[in-house]
């Protein structure tokens, strides 16, 4: 399941077991989609016509034109939603000092280097935990001071991964 947030509106989206259907906010909807041009799709959702142009397909900060209006939704993955439910998505309220591991796991990849300026939501580290790859995102704006662990390290919950200036 994913949650897509457009301003004040939130949509929980998950696949249906029926072909040609999707579940939106716990309601099964019939969906027909065709590609009408590069990056442009026409959808019929319960007989409502929607044209979507993908402006930027970046999974962290996607941009769309929906029926001619621009949208920059927030997309929360199943992992993001799980971390919220577990209370492990605590945002930095003041100055961002460090990024700690929300769970034990294995460091697969770093997406930043010392000196990089990161903004809230930017991907920082790919962590394998519970047989899933989890992308840890920046909880705020800061400059990366140091990376405290190495690729391939097994880490514990609350271990400092990155420090910020």
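The values are calculated or read from the model by the stated rules, or taken from the named source; none is laboratory data. Quick caveat, the model's predicted, so the values are computed rather than measured. Because the Cβ atoms are built from the backbone with ideal geometry, glycine has one as well, and the counts that use them run over all protein chains shown.
For residue 70, the stated conditions hold: it is under 30 Å from residue 141 (Cα atoms), loosely packed, with under 11 Cβ neighbours inside 10 Å and not assigned by TED's automatic domain parsing to the domain that holds residue 144. Within the range 78-93, if we keep just the residues that are at pLDDT 60 or above, surrounded by 13 or more Cβ atoms within 10 Å (Cβ to Cβ) and in a loop (DSSP other than H, G, I, E, B), the residue that is farthest from the chain's Cα centre (by Cα) turns out to be 88. Is at least one residue of the range 31-40 part of a loop (DSSP other than H, G, I, E, B), under 16 Å from the mean Cα position of the chain (by Cα) and not assigned by TED's automatic domain parsing to the domain that holds residue 146? No, every residue in the range 31-40 fails to be part of a loop (DSSP other than H, G, I, E, B), under 16 Å from the mean Cα position of the chain (by Cα) and not assigned by TED's automatic domain parsing to the domain that holds residue 146. Output the number of residues of the range 41-67 satisfying the condition of being under 27 Å from residue 123 (Cβ atoms) and either more than 18 Å from the chain's Cα centre (by Cα) or outside the structural domain of residue 7 (by TED's automatic domain parsing) (or both). The total comes to 5. With respect to the stated conditions, residue 55 fails to be at pLDDT 95 or above and either surrounded by 13 or more Cβ atoms within 10 Å (Cβ to Cβ) or more than 26 Å from residue 149 (Cα to Cα) (or both).
Identify all residues within the range 1-36 that are out of contact with any strand residue (DSSP E or B) (no Cβ under 8 Å at 6 or more places or on another chain) and closer than 17 Å to residue 66 by Cα; write none if there are none. Result: 7, 8, 9.
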